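To keep things clear, I will list the structure first and then write my remarks on it.
Just so you know, all these numbers are worked out from the coordinates, no wet-lab data involved. Everything numeric in this text was worked out from a predicted model, so none of it was measured. Because the Cβ atoms are built from the backbone with ideal geometry, glycine has one as well, and the counts that use them run over all protein chains shown.
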Amino acid sequence: MQNSVPAITFVMAAAVRLEKINIRRRDGLAKIVGTIASIGGASVITLYKGPPLLHQAENIHRNTLAEEIPRNTQNWTWGCIYLLGHCLSWAGWMVFQAPVLKKYPAKLSLTSFTCFFGLIQFMIIAAFVETDLEHWKIQSAEEVFTILYAGIVSSAVVIALQTWCIQKGGPVFVAVFQPLQTLLVAIMATLILKDQLYAGGIIGAALIMLGLYSVLWGKNREKKVETQKEALTEPLIDPESSEKDGENVSDIP
């Protein structure tokens, strides 16, 4: 469901007029088609396997553990609702970053505020949800590494980079890279966990790449068109300088 973030971001940005959509121009169509292709490619990787390509052994231990989880403990309805809320919140965060950065361009301070208030919210939620103090204890070095990686890399570094990219390219530019996460997970699972690589992964990867290229091409062409329009509308002579020149000429006896 996270692959719906680019589409939600695209709709939100268009609704608040942060993203221009002109279906009569090629750049507008390229952005729309590219967004749909990226989401479709990630969906293909997730939903369609197809025939195996490498014929390597499956990770039996991980699959066995997944099968041992009782199905009745997994509430799929609430899970989908929470995931949808997560996607809406993430897309909204990226969209509203753009106007905030115009008035408050201090990216590192903004990242610090984001992480700080996020920590407060999570601590409040965890205090009500997890009441067993034993679960709050760190018991291994792997847990320490996981906490540090999640806090430093997955939160601080990622938010700082996304904020910088939003300021440079806009929220849709950042959101359209979201389907790459599904592709990279499939590649890393194949190389590290020895998971099977299926034809659906190759088809989905091709769609994601084509979609990204289409959106980036549309954004680049849109900037060129806007630059050309600004160059045509700019006056050849500065009015203030011409008035000063006129005053100087009139002062000459």
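For the modelled label position 7 Å from the Cα of Ile192 along Cα-to-Cβ, which residues of region 133-172 have backbone nitrogen atoms closer than 16 Å? Residues 142-155 fall inside that zone. For the cross-link pairs Lys31/Lys102; Lys103/Lys229; Lys20/Lys107; Lys107/Lys168, the ones whose C-alpha atoms lie over 22 Å apart are Lys31/Lys102; Lys103/Lys229; Lys20/Lys107.
Across region 92-106, the residues whose backbone nitrogen lies under 11 Å from the label position 7 Å along the beta-carbon direction of Ala15 are 92. Taking label points 7 Å from Cα along the Cα-to-Cβ direction, Glu230 and Leu83 give a separation of 4.1 nm.
Cα centroid separation, region 101-152 to region 1-36: 31 Å. The shape of region 90-133 can be summarised by an equivalent ellipsoid whose semi-axes, obtained from the alpha carbon gyration tensor, come to 29, 12, 6 Å from longest to shortest. How much of the pair distance distribution for region 1-45 lies past 13 Å, counting alpha-carbon pairs only, in percent? Looking at region 1-45, the distances longer than 13 Å represent 56 percent of pairs. Here's the thing: no lysines lie within a cross-link span of Lys137, going by alpha-carbon distance under 28 Å and ignoring same-chain residues fewer than 8 apart.
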